[in-house]
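All remarks here apply to the structure that follows.
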Amino acid sequence: MKLNERFDVRPEKVAELKARIARLGIRMDLVEETFTRGGGKGGQKVNKTSNAVQLKYPPLELVVRCHRERRRTVNRFLALRELVDRIERALRRPSAAKSGAGTPSAEGPAPKEA
């Protein structure tokens, strides 16, 4: 997926998203992007054009689908933002599990020695 293409959103939002992608070290060449026909409300335009966006990030086995808006460019941005959110959550999880913070022990409390 290329980030240099135009999204129909404010440039500040695009810059913020690009900064998050760089900070997290997300490899955009691994993001798989497909377009499908949407459904639901929107009339003939929605049913005839492929405006729904699906993004896959194989390293973490994440899939995001977005068809909130009628325009493909906006759906691409929204899907990418959601994918970055999910990647950020997935990367945050292992560090919390390693430290044991906030995770209950499956074995229960340690037995007291006499």
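No value in this document is a laboratory result; all are computed from the given coordinates. In this text, all values refer to a predicted model and were calculated from it rather than measured experimentally. Cβ sites come from the backbone with ideal geometry, for glycine too, and all protein chains shown count toward neighbours.
Tabulated data
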{"item": "Residue list for the range 31-66, restricted to those being touching a helix residue (DSSP H, G or I) at 6+ places or on another chain (Cβ under 8 Å) and farther than 18 Å from Ile87 by Cβ", "result": "Phe35, Arg37, Gly38, Gly39, Gly40, Thr49, Ser50, Asn51, Ala52"}
{"item": "Glu32, sole failed condition from (1) in contact (Cβ under 8 Å) with a residue 60 or more places away in the chain; (2) under 17 Å from the mean Cα position of the chain (by Cα)", "result": "(1)"}
{"item": "Residue count for the range 2-17, restricted to those that are within 13 Å of Arg81 (Cα to Cα) and either of a type in the set (Asp, Glu) or surrounded by 15 or more Cβ atoms within 10 Å (Cβ to Cβ) (or both)", "result": "5"}
